[in-house]
Amino acid sequence: MSLRGSGMLITFMDIAPEHEAEFNAWYDGEHVAERVGIPGFVAARRYVAPGGSPKYLAFYETETLAVLGGAAYRERLNNQTAWSRAVMARFVAPGRLIAERQASRGQGRGGAVAFVRCAPAAGHDATLRAWIVRALDGWLAQPGIVAAHFLINDPALSLPLDADGKPVVGAPPAPTTWIVILEATGLAALAAAPSAAQLAEAGAAPGAVIGRFQLMWELARDDLSAR
């Protein structure tokens, strides 16, 4: 099992080209280390897509889902730095999911990931869940796939953030999102990722989104203590 906890915060966004240099400087110079330093956070990983939208993706692994609804994380959200507020206000089409691990296979972390978002069609929750859990082993058996994970978001926690980086007060629960992550040694191996048609056949509703991303860098909690 390669996920280092049962909770995960997932964010993704685009950024206008004229703001991209500062966006990356903020992410690498402040934001990742700040988040990993929150009690209960274990590690963070940043990714970039070779094309398409969203361009940027980040995973923040936490010990449990409760960490992402806890006081330490809420305090940080409600007290964003000035740099964070300035950069976050420039996000284009941002997305935010707070999810809990349902099943995980494999070892280690890959240099490329397929990030799949879908939802079960009405009445097909059990069918889709069973298909995904079975498929994890099949994906892991494909050349270059080193790990495969299945998570489901918590709609009450997966709220959008306002321009100051705070959860939007009074926002309705987010849509239910089922997440599959395949970790691979390179982008070519991600040909094993399921297609939207395969997901629909397995019981997913229309509108599944499949993205492919390359790892930019990773920071773990133990790295902070080594500084």
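Details
- Exclusive hit being open to solvent by less than 70 Å² (accessible area, probe 1.4 Å), touching a helix residue (DSSP H, G or I) at 6+ places or on another chain (Cβ under 8 Å) and part of a strand (DSSP E or B), set LEU157, LEU224, LEU182: LEU182
- When the residues of segment 109-131 are filtered to those that are assigned to a loop (DSSP other than H, G, I, E, B) and within 26 Å of ALA66 (Cβ to Cβ), the one that is most open to solvent (accessible area, probe 1.4 Å) is ARG109.
- Residue match in segment 196-205 (condition: closer than 26 Å to TRP217 by Cβ and either of a type in the set (Val, Ile, Thr) or at pLDDT 95 or above (or both)): no
- Total residues in segment 186-204 satisfying the condition of being out of contact with any Cys (no Cβ under 7 Å at 6 or more places or on another chain) and surrounded by 15 or more Cβ atoms within 10 Å (Cβ to Cβ): the figure is 10.
- Contact map, segment 39-51: residues that are of a type in the set (Phe, Trp, Tyr) paired with residues that are not in a strand (DSSP E or B), Cβ distance under 7 Å, separation 6+ or inter-chain. Pairs shown: PHE41/ARG35; PHE41/VAL67; PHE41/ARG221.
The values are calculated or read from the model by the stated rules, or taken from the named source; none is laboratory data. Computed from a prediction, not measured in an experiment: that's the story for all the values here. Here Cβ is always computed from backbone atoms with ideal geometry, including for glycine, and neighbour counts include all displayed protein chains. Please note that ligands, DNA and RNA were not included when accessible areas were found on the heavy atoms of the full protein model with its side chains. Shrake-Rupley method; radii C 1.70, N 1.55, O 1.52, S 1.80 Å.
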